[in-house]
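Asker: One structure is given below, represented as C-alpha cells, and several questions about it will come after.
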Amino acid sequence: DAGVIQSPRHEVTEMGQEVTLRCKPISGHDYLFWYRQTMMRGLELLIYFNNNVPIDDSGMPEDRFSAKMPNASFSTLKIQPSEPRDSAVYFCASSPRGAGLMQGQFFGPGTRLTVL
Amino acid sequence: QKEVEQNSGPLSVPEGAIASLNCTYSDRVSQSFFWYRQYSGKSPELIMSIYSNGDKEDGRFTAQLNKASQYVSLLIRDSQPSDSATYLCAVYTDYKLSFGAGTTVTVRA
C-alpha cells in the first residue's frame, strides 16, 4: 500500500516567491495534517482537516500561509510570499477513518524548503 | 511550560543495553500517547501507542504510562545500532497531537 505522498521533496526558492507544497494522504484516511519541523521549534502542527474541512488552523504562522483540501486525495499548503524564516521541512500526515487521532498519524517523506 | 517535555539528550548506550526515554505532559485530560522514531533526514515513524496505565510491550520496545504522574516512558531492550535515531513523544489532547522536542539516541557498538 502506498503511504502518504508529498511533492516536491526539495524546493529551493527566492524570498518573495510563491511556494506550493502538495500532499496525497493514505486512501481511506479522513484526517490530514500539515506540520513544520525546524531545529529550533521542533515539530509544529500548522493545520488539520477532517473529511476535507479545515478544523484547526491555529498553528498557521501568519496570513502568508494557506492550505486547501479540495478532495479526499489531495491537499496543498501555499506560502505567498515566502521568507527565509519559512525554511524548514514540511510534513503531511494522515490518520485513519473512525478512530482518527486516537490511532496516531502516518507521515509522508516531507518537503525540505529552502528560501534564499 | 511546554505541553510535552522529554529528557534532554543525547543518550548514548552500548549495544545490547537498555535505553530509557522519558516524557512528561501537562494536560491531565490527555487520552492517547505515542512514540515516534525519526532517523536523520527521514520522517517520523510510529512505533508505539499506549492508552491505559501500565506497560505495553512490542518486541524489544516497552511503553509505560502513568496518568497520575503524567508520565510516559519508552524502554528499548537489547539496543542495536539500528535503534540510533531521535525518539519523539506525542500526546493526543483536544483533537491535537503535541510533540516533544525529541531525544536523540546513539547506540555504540
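Asker: Of all DSSP beta bridges located in chain B, what percent are antiparallel, nearest 5?
Answerer: For chain B, the DSSP antiparallel bridge percentage is about 90.
Asker: Which of the residue pairs A:Lys68/B:Lys67; B:Lys42/B:Lys96; B:Lys42/B:Lys67; A:Lys24/B:Lys67; A:Lys78/B:Lys67 have a Cα-Cα distance greater than 28 Å in the structure shown?
Answerer: Pairs exceeding 28 Å: A:Lys68/B:Lys67; B:Lys42/B:Lys67; A:Lys24/B:Lys67; A:Lys78/B:Lys67.
Asker: Would you kindly give the portion of the calculated P(r) for region A:1-69 that falls above 14 Å, as a percent of all Cα pairs?
Answerer: Values: 1568 of 2346 pairs.
Of the Cα pairs, 67 percent sit more than 14 Å apart.
Asker: Still on this structure, please answer the following. Treat each spin label as a single point 7 Å out from the Cα along the C-beta direction, and report the A:Glu44 to B:Asn7 distance in nm.
Answerer: 2.9 nm
Asker: Using the Karplus equation 6.51 cos²θ - 1.76 cosθ + 1.60 (θ = phi - 60°), what ³J(HN,Hα) coupling, rounded to whole Hz, does each residue of region A:55-62 give in order, writing x for Gly and Pro?
Answerer: 9, 9, 10, 5, x, 5, x, 6
Asker: May I pose another question? Semi-axes of the equivalent ellipsoid of chain B: what are they in whole Å, largest first, if each equals the square root of 5 times a C-alpha gyration tensor eigenvalue?
Answerer: Numbers: eigenvalues 103, 42, 28 Å².
Semi-axes, largest first: 23, 15, 12 Å.
Asker: Next question. Provide B:Val91, B:Val13, B:Val72, A:Val53 in ascending order of the number of other Cβ atoms located within 10 Å of each residue's Cβ, fewest first.
Answerer: Fewest to most other Cβ atoms nearby, the residues stand as A:Val53, B:Val13, B:Val91, B:Val72.
Asker: So what's chain A giving for Cα Rg divided by 2.2 N^0.38 Å, two decimals?
Answerer: For chain A, the normalised Cα radius of gyration comes out at 1.00.
Asker: Restricting to Cα pairs below 8 Å that are 6+ residues apart, what does the relative contact order work out to for chain A? Please round to a whole percent.
Answerer: 37 percent
Asker: Could you work out the relative contact order of region B:29-88? I mean the mean sequence separation of Cα pairs under 8 Å and 6+ apart, divided by the number of residues, in percent.
Answerer: Relative contact order, region B:29-88: 32 percent.
Asker: Show the residues, 5+ positions off or on another chain, whose built amide H is closer than 5 Å to the amide H of B:Val105.
Answerer: The answer is B:Leu11, B:Ala85, B:Thr86, B:Tyr87.
Asker: Please turn the phi angles of region B:12-25 into ³J(HN,Hα) values with the Karplus equation 6.51 cos²θ - 1.76 cosθ + 1.60 (θ = phi - 60°), one per residue in order, whole Hz, x for glycine and proline.
Answerer: Going residue by residue, I get 10, 10, x, 4, x, 7, 9, 9, 10, 10, 10, 8, 10, 10 Hz, with x marking Gly and Pro.
Asker: Treating only the Cβ atoms of Lys and Arg (+1) and Asp and Glu (-1) as charged, compute the dipole magnitude of chain B about its Cα centre; round to the nearest 20 debye.
Answerer: The calculation lands at about 100 debye.
Asker: Quote the relative contact order of chain B in percent (integer), defining contacts as alpha-carbon pairs under 8 Å separated by 6+ residues.
Answerer: The value is 38 percent.
Asker: If each Cα of the protein assembly as shown is one equal point scatterer, what is log10 of I(q)/I(0) from the Debye formula at q = 0.11 Å⁻¹?
Answerer: Log10 of I(q)/I(0), two decimals: -0.55.
Throughout, read-outs are computed from the coordinates displayed, never taken from laboratory work. Bear in mind the structure is a predicted one, so any value in this text is a computation, not a measurement. Note that we place each Cβ from the backbone using ideal geometry, even for glycine, and neighbour counts take in every protein chain shown.
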